[in-house]
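Engineer: What follows is a single structure, and I will ask about it in a moment.
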Amino acid sequence: MAASSSGIVAALTAAALATVGYLAHQAAEALPAGAARAAVTGAAPAAGTSKAPRAEQDPTALPPDSGQGARVVYSLRRDRVWLVGANGKVARTFEVDPSAVDPPPGRYAVTSRSGAVTGSDGIPVEHVVRFTSVDGVVVGFSAAVDEARAAAAPPAKVRTGGIRESRADGSAMWTFATIGRKVVVVR
């Protein structure tokens, strides 16, 4: 029963995220030309609006100085990933559970991928996308096959480099992050 309940919760969460993403896209498309131009030219915000940096207003905003072109952007502070298309637009963003070993900020490329393996913490994972290693620990993105089991598992005593995503986000990463795809790690 618990496994089916967690599946329902995961499906509802995925549906809610898809709906929010769709609505955000629709809202962006409906922006008046002047509003978009003001953001690009640095015009002063209208009276009553906040002057806070975009990242503080929207924690899902793509970090500045995160590169150009198609890339995966991973923020260590936000525990968030952005899949950015060649046009510079965010195709998807999602939260992740960080690994025990953080890669230093910098520019990397996807070096290897595995459809399904057992993680160094003993949890079966899928859609593994690796991009660097730190002190002999391979670092990459992956999704636990059984998300409920992975969430309930006690913390491993092993230094792992697995940055965990949901299965839906892992599938999106797998499709997007092929061998050689840029990965940019920011604070």
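The values are calculated or read from the model by the stated rules, or taken from the named source; none is laboratory data. What you are looking at is a predicted structure, and each value in this text was computed from that prediction instead of being measured. Because the Cβ atoms are built from the backbone with ideal geometry, glycine has one as well, and the counts that use them run over all protein chains shown. Keep in mind that these areas ignore ligands, DNA and RNA; they rest on the heavy atoms of the full protein, side chains included. Shrake-Rupley method; radii C 1.70, N 1.55, O 1.52, S 1.80 Å.
Engineer: What number goes with the only condition from (1) small (G, A, S); (2) farther than 25 Å from G88 by Cα; (3) assigned to a strand (DSSP E or B) that G122 does not pass?
Structural biologist: (3)
Engineer: Would you confirm, using the coordinates I've provided, whether T132 is at pLDDT 95 or above and in contact with a strand residue (DSSP E or B) (Cβ under 6 Å, 6 or more places away or on another chain)?
Structural biologist: yes
Engineer: Out of the stretch 71-105, which residues are open to solvent by 20 Å² or more (accessible area, probe 1.4 Å) and either over 14 Å from R187 (Cβ atoms) or outside any loop (DSSP other than H, G, I, E, B) (or both)?
Structural biologist: Once the filter is applied, which keeps residues that are open to solvent by 20 Å² or more (accessible area, probe 1.4 Å) and either over 14 Å from R187 (Cβ atoms) or outside any loop (DSSP other than H, G, I, E, B) (or both), the stretch 71-105 yields R80, A86, N87, G88, K89, V90, A91, R92, T93, E95, D97, A100.
Engineer: Kindly indicate whether any position in the stretch 157-166 is surrounded by 14 or more Cβ atoms within 10 Å (Cβ to Cβ) and acidic (D, E).
Structural biologist: Yes, the stretch 157-166 has at least one match.
Engineer: Do we have any residue at all in the stretch 167-187 that's within 30 Å of D65 (Cα to Cα), open to solvent by less than 80 Å² (accessible area, probe 1.4 Å), in a strand (DSSP E or B) and among the small types (G, A, S)?
Structural biologist: Scanning the stretch 167-187, I find no residue that is within 30 Å of D65 (Cα to Cα), open to solvent by less than 80 Å² (accessible area, probe 1.4 Å), in a strand (DSSP E or B) and among the small types (G, A, S), so the answer is no.
Engineer: Inspect the stretch 117-125 for any residue being surrounded by fewer than 18 Cβ atoms within 10 Å (Cβ to Cβ), of a type outside the set (K, R) and either in contact with a His (Cβ under 9 Å, 6 or more places away or on another chain) or under 24 Å from L62 (Cα atoms) (or both) and give the result as yes or no.
Structural biologist: no
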